[in-house]
1. Can you tell me which residues in region 441-459 are within 26 Å of Pro384 (Cβ to Cβ) and aliphatic (A, V, I, L, M)?
2. If I ask for residues that are in a loop (DSSP other than H, G, I, E, B), aliphatic (A, V, I, L, M) and in contact with a strand residue (DSSP E or B) (Cβ under 6 Å, 6 or more places away or on another chain), which ones from region 191-213 would you list?
3. Just for region 70-90: of the residues that are surrounded by fewer than 21 Cβ atoms within 10 Å (Cβ to Cβ) and free of Cβ contacts under 8 Å to residues at least 60 places away in the same chain, which one is nearest to Pro334 (Cα to Cα)?
4. If you check Gly343 against the conditions, is it surrounded by 15 or more Cβ atoms within 10 Å (Cβ to Cβ) and not acidic (Asp, Glu)?
5. Given the options Leu436, Leu464, name the one that is at pLDDT 95 or above and within 18 Å of the chain's Cα centre (by Cα).
6. If Trp242 satisfies all but one of (1) assigned to a loop (DSSP other than H, G, I, E, B); (2) touching a helix residue (DSSP H, G or I) at 6+ places or on another chain (Cβ under 8 Å), what's the number of the condition it fails?
7. Would you pick out the residues in region 1-29 that are of a type in the set (Ser, Thr, Tyr) and either in contact with a Leu (Cβ under 8 Å, 6 or more places away or on another chain) or closer than 16 Å to Ala61 by Cα (or both)?
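The values are calculated or read from the model by the stated rules, or taken from the named source; none is laboratory data. Because the structure is predicted, anything quoted here is derived from the model rather than measured. Cβ placement follows ideal geometry from the backbone for every residue including glycine, while neighbour counts extend to all protein chains displayed.
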Amino acid sequence: MTDLIRMTAREIVQQLKAREISPLDLIDAALARIKAVDGAINALPILCEERARAAAEVIMADSTTARAHPGWLAGLPIAVKDLSDVKGVRTTFGSPIFADNISAQTDITVELLEQRGAVVLAKSNTPEFGAGANTFNEVFGKTRNPWNTKLSCAGSSGGSAAALAAGEVWLATGTDLGGSLRTPASFCSVVGLRPSPGRVARSATNPFDTLSVAGPMARDVGDLALFLDAMVGVHPGDPLAWDAPGTSFQRAAMSKTLPKRIAFTPNLGFLPVDPEIAERCRRAAHRLSEAGVIVEEASPDLSDALEIFQTLRAASFAARYKPLYDTRRAALKPEVVWNIEQGLKLSAVEIGRAEMARGTLYKRVARFFTDYDLLLCPAASVGPFDVDIRWVDEIAGTKLDTYVDWIAITFAITLAACPALSLPCGYTADGRPVGLQMVAPNGGEAALIAAAAAAEEIYGLARLLPIDPNPPPTVIHGARFS
């Protein structure tokens with residue numbers, strides 16, 4: 001069972017296809033690992049074992065399912081973020097208001113994954129409604145970082161990231177509005193991809209929203225590519241969803257191809273970033289020059305991103321959660337109440353102006369990518385912090401105004417509608433993981449994955465996972481990796 005947990009998702013799927021192992025073997029292995037380690041990290045508070053075993057039996061008995069699909073997972077157990085509905089399974093959205101909610105239907109992303117051989121075994125912890133980049137809530141409590149259980153795993157896909165790092169599952173879903181895939185991936189030294197809007201079909205209250213997306217998380221780039229292949233494709237419930245590409249993302253990962261010209265910026269030109277994080281990412285970026293890549297320090301102009309994002313996010317919160325604000329305000333966490341109230345103060349002119357400014361920002365970034373193939377920067381402006389801190393209010397001596405300002409280095413990229421991937425690139429001097437954010441032009445997931453796979457091979461960190469949860473002080477082999 002231990003050997004199964006330590007294998008890649010790709011290796012597992014090959015053995016499943018060859019019938020050398022069964023989905024039931026994997027469910028047993030994952031449940032044993034969850035029992036052994038989840039008490040230390042609290043990543044997967046909801047299990048659906050009976051449903052998983054029933055799904056596994058169906059896959060094992062059905063020889064006509066679309067096994068030729070490039071993303072066929074053949075019965076591999078996965079974790080699904082607790083913001084996504086899974087029919088018949090408890091889905092709380094991290095909120096005490098929905099603590100006993102049982103989903104009546106399945107989210108589109110999960111529906112497609114199940115059609116392609118995924119077996120949902122668990123729901124991963126998330127902050128209330130995914131609000132805030134530290135994973136805690138009043139239903140299940142705090143999720144802790146496996147590299148040091150006194151530290152935050154970030155959020156909002158923190159449960160997924162922590163579960164992957166600790167070897168509880170091989171693949172896990174995430175969602176990303178302002179950095180919810182990329183920040184926890186950085187904090188937990190796993191890989192998380194925010195795809196271009198439309199790349200992955202998903203359920204949404206507003207199906208025309210392009211700020212929030214669903215995407216894959218994995219322990220390495222090859223597994224992430226497999227998972228993305230299993231996710232992509234059109235669905236009638238999502239009017240923005242793209243068809244699957246003609247060439248699989250796994251093939252892109254196997255090519256391990258670096259582009260010709262890359263831009264690196266430690267701070268997108270205007271943001272406070274912890275100096276050690278900035279330097280670690282700079283070193284990682286410039287290591288690619290040793291492989292023949294031209295690496296230059298440059299950034300598109302994203303200086304108006306804070307105002308644009310805060311306006312659009314607040315408007316979305318007000319539109320979506322005002323009914324709960326009117327009837328259950330006392331049950332909402334303070335940050336959610338604040339965000340709703342900020343939205344209620346906005347005028348139509350202010351919202352419209354922010355939408356127009358976002359369009360201009362997108363055009364500036366598109367022009368930037370006529371000169372550069374990729375943009376690299378930190379995936380988080382700080383390293384993992386004390387799990388008891390709700391949000392970071394100061395970076396490198398700069399005071400921050402709101403509970404989301406500290407993730408501006410990711411939400412600025414959100415506004416540009418670009419695919420962005422967080423790749424482990426090293427550790428701080430005291431052993432905290434650091435992720436490099438790799439950004440490609442809209443629709444450029446294949447080139448992004450090919451470059452990330454090449455960089456991953458250069459950095460050599462994927463081999464360190466999975467890990468057993470570490471109580472402080474953390475001892476990490478290779479912590480001084482450079």
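1. So the first thing to find is which residues in region 441-459 are within 26 Å of Pro384 (Cβ to Cβ), and the list is 448-449, 451-453, 455-459.
Residues satisfying the conditions are Leu448, Ile449, Ala451, Ala452, Ala453, Ala455, Ile458.
2. Let us first name the residues in region 191-213 that are in a loop (DSSP other than H, G, I, E, B), namely 195-212.
Subsequent filtering for residues that are aliphatic (A, V, I, L, M) retains 200-201, 204, 211.
Listed by number, the residues that qualify are Val200, Ala201.
3. So the residue we want is Arg90.
4. Values: surrounded by 15 or more Cβ atoms within 10 Å (Cβ to Cβ): yes; not acidic (Asp, Glu): yes.
For Gly343, the condition - surrounded by 15 or more Cβ atoms within 10 Å (Cβ to Cβ) and not acidic (Asp, Glu) - is met.
5. On the way: Leu464 fails: within 18 Å of the chain's Cα centre (by Cα).
Of Leu436, Leu464, the one residue that is at pLDDT 95 or above and within 18 Å of the chain's Cα centre (by Cα) is Leu436.
6. So Trp242 meets the others, but not (2).
7. To start, the set of residues in region 1-29 that are of a type in the set (Ser, Thr, Tyr) comprises 2, 8, 22.
Across region 1-29, the qualifying residue is only Ser22.
Condition check ((1) closer than 19 Å to Pro441 by Cα; (2) without any contact (Cβ under 8 Å) to a residue 60 or more places away in the chain; (3) not acidic (Asp, Glu)) across all residues:
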position	(1), (2), (3)
Thr173	no, no, yes
Ser180	no, yes, yes
Thr183	no, no, yes
Val190	no, no, yes
Pro197	yes, no, yes
Ala214	yes, no, yes
Ala225	yes, no, yes
Pro236	no, yes, yes
Leu240	yes, yes, yes
